[in-house]
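S.K.: Following this message is one structure expressed as structure tokens.
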Amino acid sequence: MLKNKLKKYSLILASGSPRRQQFFKYLDLDFEIRLKEIEEIYPPELQAQEITNYLAVLKASAYEGELKPNEILVTSDTIVWHNNKALGKPKDEQDAFRILKSLSNATHEVITSVCFKTTEKVEVLDEITKVTFNELSDHSIRYYLENYKPYDKAGSYGIQEWIGFIGVSKIEGSYANVMGMPTDKVYEYLNNLA
């Protein structure tokens, strides 16, 4: 399948996220991981997918001049967009509680951008998924934070965890996107490239 089509390329995933690494394994792709520390700061006037597009490209730009002609670098960024604000990873438990309380009984958007960089070009795709939560009790939120510690996740939750099973009442769009990568679009992009 795609693995064979991509034989002439070396795929590089620039992400420390275990979920994104697992997605590449699920897609049956050969890849290597290359990481760099990037300060994720974006201009304050950016909105919604403008933010994730900017950050995905920013992460890729750190590798400028380092790629070989056959290498494809993949970077990505995910935010939760709620009440016209970007919710990133929580600072601490109190911040995570506040974020989950704000998502309770409401619909938010999970936005992921994926950047593909080669020596010749940079292309970005993005995906928006709408997620609706039931009302979450303070007790449920505290239980989730104590037992799952979702401090590395945008919006303070993982849909594939307990809170997703008991709290999410509706999802419109890509489930994988809510976990951090629109795998169908990534697969299609790489398939068209090969």
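The values are calculated or read from the model by the stated rules, or taken from the named source; none is laboratory data. All values reported here derive from a predicted model rather than from experimental measurement. Quick reminder, even Gly has a Cβ in these numbers, built from the backbone with ideal geometry, and neighbours come from all protein chains shown.
S.K.: Could you list, ordered by first residue, the pairs with Cβ atoms under 6 Å in which the first is in segment 102-121 and over 21 Å from R20 (Cα atoms) and the second is modelled with pLDDT of 95 or more and among the charged types (D, E, K, R), at least 6 apart or interchain?
M.R.: Close Cβ pairs (under 6 Å, with a partner that is modelled with pLDDT of 95 or more and among the charged types (D, E, K, R)) amount to S104/E135; N105/E135; T107/K130.
S.K.: Being outside any helix (DSSP H, G or I), out of contact with any Pro (no Cβ under 6 Å at 6 or more places or on another chain) and closer than 30 Å to E71 by Cβ, is that true of even one residue in segment 143-166?
M.R.: Restricting attention to segment 143-166, the residues satisfying the condition of being outside any helix (DSSP H, G or I) are 149-153, 157-161.
Of the ones still in play, those that are also out of contact with any Pro (no Cβ under 6 Å at 6 or more places or on another chain) are 149-150, 152-153, 159-161.
From what is left, the residues that are closer than 30 Å to E71 by Cβ are 152-153.
Checked segment 143-166: at least one residue is outside any helix (DSSP H, G or I), out of contact with any Pro (no Cβ under 6 Å at 6 or more places or on another chain) and closer than 30 Å to E71 by Cβ.
S.K.: Right, another one. Quick check: anything in segment 64-79 touching a strand residue (DSSP E or B) at 6+ places or on another chain (Cβ under 9 Å) and under 16 Å from I141 (Cβ atoms)?
M.R.: No, segment 64-79 has no match at all.
S.K.: Taking E123, is it closer than 14 Å to Q49 by Cβ and of a type in the set (D, E, K, R)?
M.R.: Numbers: closer than 14 Å to Q49 by Cβ: no; of a type in the set (D, E, K, R): yes.
Judged against the criteria, E123 is not a match.
S.K.: Same structure, new question: Starting from segment 135-162, take each residue that is modelled with pLDDT of 95 or more and list its partners that are among the β-branched types (V, I, T) and surrounded by fewer than 18 Cβ atoms within 10 Å (Cβ to Cβ), counting only C-beta distances under 8 angstrom and pairs at least six apart or across chains.
M.R.: Pairs that qualify, where the first residue is modelled with pLDDT of 95 or more and the partner is among the β-branched types (V, I, T) and surrounded by fewer than 18 Cβ atoms within 10 Å (Cβ to Cβ), are S140/I166; I159/V168; I159/I171.
S.K.: Next up: Considering only segment 39-87, state which residues are crowded, with 19+ Cβ neighbours inside 10 Å and either assigned to a loop (DSSP other than H, G, I, E, B) or polar (S, T, N, Q) (or both).
M.R.: Once the filter is applied, which keeps residues that are crowded, with 19+ Cβ neighbours inside 10 Å and either assigned to a loop (DSSP other than H, G, I, E, B) or polar (S, T, N, Q) (or both), segment 39-87 yields Q49, T52, N53, T75, S76, T78.
S.K.: Within segment 1-38, take every residue that is loosely packed, with under 12 Cβ neighbours inside 10 Å and aliphatic (A, V, I, L, M) and give me the one that is farthest from the chain's Cα centre (by Cα).
M.R.: Residue satisfying both the conditions and the ranking: M1.
S.K.: Are any of the residues in segment 128-136 hydroxyl-bearing (S, T, Y), out of contact with any Cys (no Cβ under 6 Å at 6 or more places or on another chain), under 30 Å from S61 (Cα atoms) and not in a strand (DSSP E or B)? Show your work before the answer.
M.R.: Keep residues of segment 128-136 that are hydroxyl-bearing (S, T, Y), which gives 129, 132.
Okay, now just the ones that are also out of contact with any Cys (no Cβ under 6 Å at 6 or more places or on another chain), so 129, 132.
From what's left, under 30 Å from S61 (Cα atoms): 129.
Next cut, not in a strand (DSSP E or B) only: none.
Checked segment 128-136: no residue is hydroxyl-bearing (S, T, Y), out of contact with any Cys (no Cβ under 6 Å at 6 or more places or on another chain), under 30 Å from S61 (Cα atoms) and not in a strand (DSSP E or B).
S.K.: Of the residues Y9, Y42, which single one is touching a residue at least 40 places away in the same chain (Cβ under 8 Å) and out of contact with any Cys (no Cβ under 9 Å at 6 or more places or on another chain)? I'd like the intermediate steps shown before the answer.
M.R.: On the way: Y42 fails: touching a residue at least 40 places away in the same chain (Cβ under 8 Å).
When all the criteria are applied, what remains is Y9.
S.K.: Next question, about the same structure. Output the residue which, of all residues in segment 141-162 that are buried (at least 24 other Cβ atoms within 10 Å of the Cβ) and in contact with a helix residue (DSSP H, G or I) (Cβ under 7 Å, 6 or more places away or on another chain), is farthest from D95 (Cα to Cα).
M.R.: Of segment 141-162, the ones buried (at least 24 other Cβ atoms within 10 Å of the Cβ) are 144, 154-157.
Still in the running and in contact with a helix residue (DSSP H, G or I) (Cβ under 7 Å, 6 or more places away or on another chain): 144, 155-157.
Numbers: Y144: 14, G155: 10, S156: 9, Y157: 12 Å.
The residue in question is Y144.
S.K.: Here's a follow-up. Can you work out which of the residues in segment 163-192 that are touching a residue at least 24 places away in the same chain (Cβ under 8 Å) and within 16 Å of S102 (Cα to Cα) is surrounded by the fewest Cβ atoms within 10 Å (Cβ to Cβ)? Walk me through how you get there before you give the answer.
M.R.: Initially, segment 163-192 is screened for residues touching a residue at least 24 places away in the same chain (Cβ under 8 Å), giving 163, 166-183, 185-187, 189-191.
Cutting the leftovers down to within 16 Å of S102 (Cα to Cα) gives us 163, 167-169.
Working: I163: 24, G167: 24, V168: 17, S169: 11.
Out of the qualifying residues, it is S169.
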